[in-house]
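No lab work stands behind these numbers, since they all come straight from the coordinates. Small disclaimer: the values here were computed from a predicted structure and weren't measured. Ideal geometry is used to build each Cβ from the backbone, glycine not excepted, and the neighbour counts take in all protein chains shown.
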Amino acid sequence: MDDNNKKPNSGGNIKTVRTYLSDMADTVRANEISVIKVALAEQNKNERENIYRQIEGTPVKKFWWFLGGIILIGVATLGIYYLINKKTENNIPQTVAKEETLISYDAITSVSDTTDLLGKITAIKNDSKTDNNGSIKFISLSKQTNGTIEKISTKDLFSLLKFSAPSSLIRSLSDSYMIGTYMNDKPHIFLIFQVKDYSYTYAGMLEWEKTLANDLVYLFGIDTTENKLQLAERKWQDLILLNKDARVLNNENDKPILYYLFNDKNTLIIADDEASIKEIISRLITKNIKPL
């Protein structure tokens, strides 16, 4: 059989013939795809930026948003500050630190409003009628100055209670004092003062005797039904009380109505009841005992 009549082997692999023109066509197609991808990417980028700009808003909107945020923060800060201050004001009586006293006490009542101080102390005394016998109630006196709670000074105490004591006496007393009630069948007021200068205090008390009873008549609730004469006309007398030199004022029936004495050269006691003085001196001794 003639070789020209032989059929080509259809089962064999057909080799692709690559030419310069075909390579160029492939390159162009690839470049076109790359260009399209770049164009699409740039378009997507622009679209995203437009979305972001729409979300963020214009510069004017940004300014107003910023300003609004600052205002909201400021209002919130002022609100919190107001609430904190209000809470502090409401809690002032609970936040006052425990006051150091000249003697120990069994109960305490605080007075922070000095308006009609004499009336407030008298009311506390009357309310102490149910206290246990032998108990001492400390009356803590304070005032608020520029948002600060502070104890009433001795000078202010004499002024608020309208005492007519000589100024030399007031200056001779420190601001360490104590006012309270002692229960002995009925409540009795007492005053304790820390002395800075014994000589001036002693001389000042002798001078104050002229008006002392009249100054203390309402504070101590002195009964004047048995005292027809003016209290200022009655004479103070010397008395030995609990082995201490004391001064006493008796009514017209020779019944003691007021005492004062120096427990030592540093402590002055004013009271209207011997049992009160005895308990005060006992607690002063206990207070001054130092542990071994």
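Tabulated data for the structure shown
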item: Full-stretch length increase - Lys162, Ile84 - with 0.36 nm per residue and alpha-carbon distance subtracted; result: 24.3 nm
item: Greater than 24 Å apart at Cα, pairs in Lys255/Lys278; Lys186/Lys210; Lys129/Lys235; Lys120/Lys255; Lys162/Lys235; Lys162/Lys210; result: Lys186/Lys210; Lys129/Lys235; Lys120/Lys255
item: Residue order, fewest to most surrounding Cβ atoms within 10 angstrom, among Ser140, Ser159; result: Ser159, Ser140
item: Spacing of the two label points (7 Å from each Cα toward its C-beta) at Thr211 and Ile289, in nm; result: 4.2 nm
item: Sequence of Glu274, Glu252 once ranked by neighbouring C-beta atoms within 10 Å, starting from the fewest; result: Glu252, Glu274
item: Computed FRET value (nearest 0.05) for Glu150 with Glu252, which takes r as the C-beta separation and R₀ as 51 Å; result: 0.75
